[in-house]
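The values are calculated or read from the model by the stated rules, or taken from the named source; none is laboratory data. Worth saying up front: this structure is predicted, and the values here are computed from it rather than measured. Cβ coordinates were reconstructed from backbone atoms using ideal geometry, including for glycine residues, and neighbour counts include every protein chain displayed. We work out accessible area using only protein heavy atoms, side chains counted, and drop any ligands, DNA or RNA first. Shrake-Rupley method; radii C 1.70, N 1.55, O 1.52, S 1.80 Å.
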Amino acid sequence: MFDHISIQLLLGQLLIGLINGSFYAMLSLGLAIIFGLIHVVNFAHGAQYMLGAFVALLLLNHLGIPYWGALFIAPVVVGAIGYAMERTILKPLRNLDHLYSLLATFAAVLIIEGLMRLEFGSTGLPYASPLPGGINLGFMFLPWYRGWVVVFSLVVCIATWLLIEKTKLGSYLRAANERPEIVESFGINVPLMMSLTYAFGVGLAGLGGVLAAPIYQVSPSMGSNLMIVIFAVVVIGGMGSILGAILTGYLIGIVEGLTKVFYPEASNLAIFVIMIIALILRPNGLFSSPESSR
C-alpha cells in the first residue's frame, strides 16, 4: 500500500508540516492566552492575524519600512487596535457568559473583513520575501525564509511560555485570573492588566500575520481560512493551556503533513478527527487537568 512512498516525500512533508505548525502554534498561543487569562473567546483572532499582514504591507508600500521593521511595528499596531477593542467592546461583557464575547468578536470579524475588502478588494496581494534563496536538503529545497519562520516562531513561543509561567508578571496574571480582589489589594490595576493581556495576545496574532505575509498572499480572507484549524488546536491542547497550545500546534502541523503522504484525501479532516477523539477521551484537552475547566 505504501510502497510508492519515498523517504524524500516523507521528510519533505514532515518539514512542511513543521512550517505550518509554526503558524498554528503562534496563533493558538495567543488565543489560549486570551481565553486562559481573561476568559474571552476571541473569534476575531484570525482577523487580527490578517491585520498584521496588511500593516506590514502598508508599512512597506507607503512608508518604505521593510519586513524587519514591520516585524516589530506591526504587532504593536495590531495590539493597540486590540487594546481599543477590549476597552470599548469586551470590557462591558467581562462578567457575562463566554458566548457574548464570542458573538461580539465575531461581529468585529465581519466589520474588519468587510472594511478591508472595500479598501483592498478580495484578490491577494504579494509581499516579497526578505530572505531570498534557500538550501538543498537533499529531499527538498528549503527556502531560507521558511526556515527562519520555524526558528523565530519557536523562540517566540518558548519566550512567551517562560514569561507567563516563570516570571512575577506571569504570576500576577495567573493570580488575577483566579482571585482578582487579592491582586488588586497589592495596588495592581487588574482591569488595565486584563486589557493589556488581550492586547498582547492580539499582538501575537499580528506577529503571525507579518510572518505569513511573504509566504501566503495578503488578503482579507487569510485569517478566516485559518481560524477553524486554530480553534481546533486550542480545543485539543486544552482551552487556556499555554503549553498545550504550543505543543498541539506543532503536533497538528506534523500530523497534517504526514496525512498528506499516506492519505491525502483526509488531510483536511485529520485535525477534526483528532479533536473529536480528544474531546471524548479528555474533554478538558490533552494538556489540561480535569479540574481546570470552567
Discussion item. At 1.4 Å probe size, with the rest of the protein present, what percent of the exposed accessible area of segment 117-234 is carbon and sulfur atoms?
Written reply: 66 percent
Worksheet item: Which of Tyr198, Ala108, Trp144 sits closest to the plus end of the dipole of the chain, meaning its Cα is farthest towards the positive end, when Lys and Arg get +1 and Asp and Glu get -1 on the C-beta?
Response: Tyr198
Discussion item. Just the number please: accessible area per residue for segment 10-106, 1.4 Å probe, all protein chains included, in Å².
Written reply: 38 Å²
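Got a number for carbon plus sulfur as a percent of segment 13-81's accessible area, 1.4 Å probe?
79 percent
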Worksheet, complete the sentence: When the chain is treated as a Gaussian network with springs between alpha carbons less than 10 Å apart, the largest mean-square fluctuation among Ala104, Ala205, Ala53 is found at Ala104
Worksheet, complete the sentence: Between the modelled labels at Leu102 and Ala266 (7 Å from Cα along Cα→Cβ) the distance in nm is 2.8 nm
Worksheet item: Given +1 on the Cβ of Lys and Arg, -1 on the Cβ of Asp and Glu, and no further charges, what dipole in debye does segment 26-135 carry about its Cα centre, rounded to the nearest 20?
Response: 140 debye
Worksheet entry | Crossing angle, helix 98-120 versus the chain [Cα axis fit, 0-90 degrees, rounded to tens] | 50 degrees
Fill in: Val273 accessible area, assembled protein chains, probe 1.4 Å, Å²
80 Å²
Fill in: Separation of alpha-carbon centers, segment 170-247 and segment 9-71, rounded to whole Å
11 Å
Worksheet item: How large is the accessible surface per residue of segment 196-294, computed with a 1.4 Å probe and reported in Å² as a whole number?
Response: 42 Å²
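How do Trp144, Trp68 rank by accessible surface area computed with a 1.4 Å probe, from largest to smallest?
Accessible-area ranking of Trp144, Trp68, largest first: Trp144, Trp68.
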Discussion item. Through the Karplus equation 6.51 cos²θ - 1.76 cosθ + 1.60, θ set to phi - 60°, convert the phi angles of segment 176-188 into ³J(HN,Hα) values in whole Hz; use x for Gly and Pro.
Written reply: 5, 5, 8, 9, x, 5, 5, 5, 5, 5, 8, x, 8
Worksheet item: What angle do you read, to the nearest 10 degrees and between 0 and 90, between the alpha-carbon axis of helix 224-237 and the longest principal axis of the chain?
Response: 70 degrees
Worksheet entry | Estimated 222 nm signal from helices in the chain, with DSSP H stretches of n ≥ 4 weighted -39500 (n - 2.57), rounded to 500 | -23500 deg cm²/dmol
Discussion item. Pairs of alpha-carbon atoms within less than 8 angstrom and 6+ residues apart define the contacts here; what relative contact order does the chain have, in percent?
Written reply: 38 percent
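Shape of segment 218-294 from its Cα gyration tensor (a ≥ b ≥ c, root eigenvalues): rounded if a/c is under 1.5, otherwise prolate when a/b > b/c, or oblate? Mind showing how you got there, number by number?
Details: a/c = 2.17, a/b = 1.39, b/c = 1.56.
Oblate shape, in that a/c is at least 1.5 and b/c is the bigger or equal ratio.
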Practice prompt. Pull up all non-local amide H partners of Gly134: gap of 5 or more, or a different chain, and H-to-H distance under 5 Å with H placed in the peptide plane.
Written response: Trp144
Worksheet item: Among Leu243, Leu154, Leu63, whose mean-square fluctuation peaks in a Gaussian network model of the chain (Cα, cutoff 10 Å)?
Response: Leu63
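For segment 1-83, what class follows from the C-alpha gyration tensor (a ≥ b ≥ c being the square roots of its eigenvalues): rounded when a/c is under 1.5, otherwise prolate if a/b is larger than b/c, else oblate?
Oblate, since a/c reaches 1.5 and b/c is not below a/b.
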Worksheet item: What FRET efficiency, computed as 1/(1 + (r/R0)^6) with R0 = 35 Å and r the Cβ-Cβ distance, is obtained for Leu169 and Trp68, rounded to the nearest 0.05?
Response: 0.85
Worksheet item: So between Asn61 and Glu178, what do we pick up on full extension, going 0.36 nm a residue minus the alpha carbon distance?
Response: 37.6 nm
Worksheet, complete the sentence: Phi angles of segment 249-255, converted by Karplus (6.51 cos²θ - 1.76 cosθ + 1.60, θ = phi - 60°) into ³J(HN,Hα) in whole Hz with x for Gly and Pro, give x, 5, 4, 5, x, 5, 4
Worksheet item: Does the chain classify as rounded, prolate or oblate by the C-alpha gyration tensor (a ≥ b ≥ c root eigenvalues; a/c under 1.5 gives rounded; else a/b over b/c gives prolate, otherwise oblate)?
Response: oblate
Worksheet item: So how do Thr123, Thr259 rank on accessible area, 1.4 Å probe, biggest first, that is with the largest at the start?
Response: Thr123, Thr259
Worksheet item: What is the dipole size for the chain, taken about its Cα centre, with +1 at each Lys and Arg Cβ and -1 at each Asp and Glu Cβ, in debye to the nearest 20?
Response: 320 debye
Fill in: Relative contact order (percent, whole number), segment 1-124, Cα cutoff 8 Å, 6+ residue spacing
27 percent
Discussion item. If I ignore ligands, DNA and RNA and count only protein heavy atoms, how much of Phe141 is accessible to a 1.4 Å probe, in Å² to the nearest 10?
Written reply: 120 Å²
